[in-house]
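Report on the following structure.
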Amino acid sequence: MSICKFCGTEIDWIQTKDGQYIPINFDPVFVIEDGGRERFIEDTGTEIIGRLARPEEENCNLPVAFVPHVRTCGNRLNFR
Ligand SMILES: [Zn+2]
C-alpha cells in the first residue's frame, strides 16, 4: 500500500500485462462489462472495459477489478 502524493488517498500499484505499473484505488469494485467505456484492472493485471456496477446491480458473478487511481484522484490535474 502507498499514499497518493497528490490527494493523500490510500492506493496500491498493479502490474498490467504489458509490464507497466499503474496506481489503483485500494478498494476493488464490481464491473459491468460492455456497459461503458471505462478502464478497470483485474488483480491479474488484465484490463477490462465497462462501467462501475450500481449498488443494486452488485453480485458475486460480476468481475471484480480496480479503478485506476488517476480517474478519481482529487488532484488529478497534477497527476502526470
Ligand atoms: Zn490521488
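Table for the structure above
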{"read-out": "Residues of the stretch 9-39 satisfying the condition of being in contact (Cβ under 8 Å) with a residue 24 or more places away in the chain and either within 13 Å of the ligand (Cβ to nearest atom) or on the phi > 0 side of the Ramachandran plot (or both)", "value": "Thr9, Ile11, Asp12, Ile22, Pro23, Ile24, Asn25, Phe26"}
{"read-out": "Members of the stretch 40-71 that are more than 25 Å from Ser2 (Cα to Cα), open to solvent by less than 30 Å² (accessible area, probe 1.4 Å) and either within 16 Å of the ligand (Cβ to nearest atom) or hydrophobic (A, V, I, L, M, F, W, C) (or both)", "value": "Ala53"}
{"read-out": "Yes/no for Asp34 being part of a loop (DSSP other than H, G, I, E, B) and open to solvent by 70 Å² or more (accessible area, probe 1.4 Å)", "value": "no"}
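The values are calculated or read from the model by the stated rules, or taken from the named source; none is laboratory data. If you're wondering where the values come from, they're calculated on a predicted model, not measured in any experiment. Cβ: placed from backbone, ideal geometry, glycine included. Neighbour counts: every protein chain shown. Each accessible area value is taken on the protein alone, full model and side chains, heavy atoms only, with ligands, DNA and RNA left out. Shrake-Rupley method; radii C 1.70, N 1.55, O 1.52, S 1.80 Å.
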